[in-house]
Each structure stands twice: as structure tokens, then as C-alpha cells.
1. So how many residues does segment 236-264 have that are surrounded by 14 or more Cβ atoms within 10 Å (Cβ to Cβ), within 17 Å of Val296 (Cα to Cα), out of contact with any strand residue (DSSP E or B) (no Cβ under 9 Å at 6 or more places or on another chain) and not β-branched (Val, Ile, Thr)?
2. Give the residues of segment 352-390 that are out of contact with any His (no Cβ under 8 Å at 6 or more places or on another chain), within 20 Å of Thr314 (Cα to Cα), more than 7 Å from ligand 1 (Cβ to nearest atom) and modelled with pLDDT under 95, sorted by residue number.
3. Taking Ile7 as meeting all but one of (1) at pLDDT below 80; (2) surrounded by fewer than 16 Cβ atoms within 10 Å (Cβ to Cβ), write down the number of the exception.
4. Do you know which of the residues in segment 207-229 that are β-branched (Val, Ile, Thr) and part of a loop (DSSP other than H, G, I, E, B) is nearest to Arg193 (Cα to Cα)?
5. Looking at segment 306-336 only, could you name the residues that are within 16 Å of ligand 2 (Cβ to nearest atom) and open to solvent by less than 10 Å² (accessible area, probe 1.4 Å)?
6. Regarding Met188, is this residue in contact with a helix residue (DSSP H, G or I) (Cβ under 7 Å, 6 or more places away or on another chain), farther than 30 Å from Gly121 by Cβ, in a helix (DSSP H, G or I) and modelled with pLDDT under 95?
7. So which pairs qualify, if the first residue must be in segment 355-376 and over 12 Å from Asn309 (Cβ atoms), the second must be at pLDDT below 85 and within 12 Å of ligand 2 (Cβ to nearest atom), the Cβ gap must be under 6 Å, and the two must be at least 6 apart or on different chains?
8. Six or more apart or on different chains, Cβ under 6 Å: which pairs go from a residue in segment 381-403 that's without any contact (Cβ under 8 Å) to a residue 60 or more places away in the chain to one that's more than 15 Å from ligand 1 (Cβ to nearest atom) and open to solvent by less than 80 Å² (accessible area, probe 1.4 Å)? Could you list them?
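The values are calculated or read from the model by the stated rules, or taken from the named source; none is laboratory data. Bear in mind the structure is a predicted one, so any value in this text is a computation, not a measurement. Virtual Cβ from ideal backbone geometry, glycine too; neighbours counted across all protein chains shown. All accessible areas refer to the heavy atoms of the entire protein, side chains included, with ligands and DNA or RNA removed. Shrake-Rupley method; radii C 1.70, N 1.55, O 1.52, S 1.80 Å.
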Amino acid sequence: LIAHPEISFVLQHRNIVDQEQVRAAVALRLDRTTGSIETARNFEGQKVISSFAAVPRLGWAVLVERPIEEAYEAVYGSVLRMSLLLLVGLGMALFASFFVARRIMGPLRLLGQGVERIGKGDLTYRVKLETADEIEALAQEFNKMAAALQEAYGGLEEKVAARTRELALANQKLDEASRHKSMFLASMSHELRTPLNAIIGFSEVFLDPSLKVTEQQRKQFLTDIFNSGKHLLKLVNEVLDLSKVEAGRMDLHIQAASLQETLDAAQRTMRPLAAKKNIDMRVAVGAEIAPLPMDVARIRQVLLNLLGNAIKITPDGGSVWVRANRENGQARIEVGDTGPGVPKEDCQRIFLEFQRLGNQGNGHKPEGTGLGLALARKFVELHGGKLWVESELGNGSRFIFTLPIHAADGSGGRVSRDEV
Ligand SMILES: Nc1ncnc2c1ncn2[C@@H]1O[C@H](COP(=O)(O)OP(=O)(O)O)[C@@H](O)[C@H]1O
Ligand SMILES: [Mg+2]
């Protein structure tokens, strides 16, 4: 040993030839000029890293060695520092993730509970979160959704309630219609029976040879049979017309026609009847009424019925009139008489089928089917007009109906229009 930081080792003349790294250096010197060995131990037994280089001209080898601990001291230091840093980082990451988890999981749990409550049907529940982040935004969106759902649900309930009410009303109407039909059938059977019985009864008298019939009786019975037949035919025709209107299959042939002419024609038809009872009948049509869109045959039927009723009911020597003028953009036709009038409580009823009043002084119902006014009202309504009565008991009555001046779609019924 010729050099060492600890001079005492040099002075002791230490021989280090036995050392592994020295032997390696000596051995290597023969074929290489430098080398190193890391696992050797020095003479103090310390682990060392050694390097050596040959000095060929002198036949020497210079060997430098350093204890491993000392050599790696810097590396160990930085590893330690790195590890410490890593540990601190890990701790911080753990802390941060715990903190974030706490901040996110709490609100998420609240949100989850809210969703569950709303999902179970509590639509009034609102999630209350003030985290000032995406979760709060989510909760707000969710609340909006719940509100929309609540509104829709409320609307739905209302709709269902409304539909149920409509259905109940429709049901009620159906019931009424069904009851009305039954009553109609019962009344009709009743009305059919009287003239049929008359026809059968009087015919039987003629067929029974044991019954002697005078010429005057024969005439009387035949007249009764004839009148009963006519009455039956009228009844059946009116029932057919009514059922057509109700089934919406009444064909109206609407065309522009003069009201004056239609009224005059009706008056001409009824004149003999009026004359028979010495009734004064007048027709007055305002000059301002231009031709109207109407089904002349049906309006004629309405007029004949109203005039027929008036003449039938008005006592001998009374008067009946028809006045037509323009009012509120419509034609207004009034058929009035000086008859007994209609009691207030019956003003609606007489427009129903088979409803007749025994108001002709003697309490005796005059000839008729009880269908005329019902049918007349339906015909007027098909034209888009209205028919009603204004009357004071004992002071005559005025049956009034309106007709649109411009063609209107009636309330049902099939309408064909020519030259309107
Ligand atoms: N001008 C009128 N004055 C008083 N009552 C009337 C008049 N017109 C109709 N009525 C009453 O209305 C009822 C129904 O009339 P309507 O439907 O035409 O049937 P009908 O003439 O076959 O009896 C009549 O039976 C009568 O009692
Ligand atoms: Mg009548």
C-alpha cells in the first residue's frame, strides 16, 4: 500500500496483494489496461468498489477503491428524499380523495334519496342541494323534471276527471234518449190503437148481416173509417219524417225561394178550412225580404202545421195571421191567432212528440197526432233557424220561427243546394 487517506496504513507497510481486487488487477494487467470490480472488500473488511488501470511501462497497476457506502451515499440520499416525497404525495392524494369523496358522496346520496322518493310517487318532493357545482345543477334539473312531471300528472288527472264527467253526461243523455224512445213507442202504439179500433169496429158492423144499418149511419161509419185511415197515414208519415230527421237522414233540397210565394201557397191550401170556421186569415210579408235559401216543401209543411193548428184551435169568427219581416239579419215569420193561447208551463212541452193540450174550452182534445210541432221545430232547426211560441192564456198565441237569410249548414241532415 503506497497511498491512503489514512497515512498510518501506509506507514504500517501493509501488504494488500492478497486482496481479491489486487489479484484481479494483477491478473488483468496481462491482457487489459483497465478494469473494475464492485464486490470486493478492502483490508478493513468494508465493501468497496475498486477500479484499476495498468501502468505498463513500469509493470505497475494503480488501484483506486472507495467504500460502497460512501460511493452510494448520494444515491441513497436522493432515494430517501424521493421516498419521503412519494409518501407525502401519497398521503396528500389519500387526503384529497377522501375529501373529494366526502364532498361528492354526500350530495349524491341526497340526490339518490330524492330520486327514490320522487320515483315512488311523491312528486311534490324537491331535492335541496347547495353545493355550487355540477351536482347542484343536476339536482336543479331533476327538480325541474319533477315539477314538469307533477304538472303533467295534475293535468292528466284533470283530463281524466273531465273525460269522466263527459262520459257521465253522455251516459245520462243516452239514458234520457232511451227513455224518450220507450215513451215515444208507447205513445205511438197508443195513438195507433184508437184509429185502428175505429176501422175494425165499424168494418165489423158492416160485415155482421144481423146488424141493420141506416143509410145515415152507413155514411157516418164510412166517414169514420176514412178519417181514421187518413189519420193513421198522417201519423205514420210524420213518424217516418221524425225518425229520418233523428237519424240525420233527412234530405233538404235547399234553393233560393220567395217567402211571399211559399206563404201564399200555404194560405191558399188552408183557406177552405178557415172559411169553414169563418176565420179571417191574412198574410203580410215585408217588402225587404229577398228570396231565401230553403227547402220549400219542408217550410210549407211547417207553415201548414202552424196554420192548421191556429185554425183548428181558434174559435169560429176569430182571426189568424202570418207576418214575415226581417230581424237581426234573419227572416222572422210569425203565425198568430186569437185562440185560447198556451199556458206558460206548456210552452216547451207542446214541442215534444205526442204532447197535446186539452185547452179548447171544453177540455176535449181536437183532432191531431201531436207530432206536428215536434216535426216543424226539427225542420226549422235543420235550416239553421229556431221555432218557439209566445202566448198569454186567453189572449191567443204567436208561433214564431226564424230562417237564416244566408245559406247555413243545418244541425244535421243532408243538404243539397241548387242555385243558392
Ligand atoms: N195555435 C195554438 N194555440 C194553442 N195551442 C196550440 C196551438 N198550436 C198547437 N197547440 C197545442 O200544441 C199541441 C201540439 O200541436 P201539434 O204538435 O201540432 O199536434 P196536433 O196539432 O197534432 O195536436 C196541440 O195539441 C195543442 O194543444
Ligand atoms: Mg198540428
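1. Residues meeting the conditions: 1.
2. Those that are out of contact with any His (no Cβ under 8 Å at 6 or more places or on another chain), within 20 Å of Thr314 (Cα to Cα), more than 7 Å from ligand 1 (Cβ to nearest atom) and modelled with pLDDT under 95: Gln360, Gly361, Asn362, Gly363, His364.
3. So Ile7 meets the others, but not (1).
4. Among those that are β-branched (Val, Ile, Thr) and part of a loop (DSSP other than H, G, I, E, B), it is Val213.
5. Leu306, Leu307, Ala310, Ile311, Thr314, Val320, Val322, Val335, Gly336 - these are the residues of segment 306-336 that are within 16 Å of ligand 2 (Cβ to nearest atom) and open to solvent by less than 10 Å² (accessible area, probe 1.4 Å).
6. yes
7. Gly358/Lys365
8. Gly384/Pro404; Gly384/Ala408; Gly384/Gly410; Gly385/Thr402; Gly385/Leu403; Lys386/Thr402
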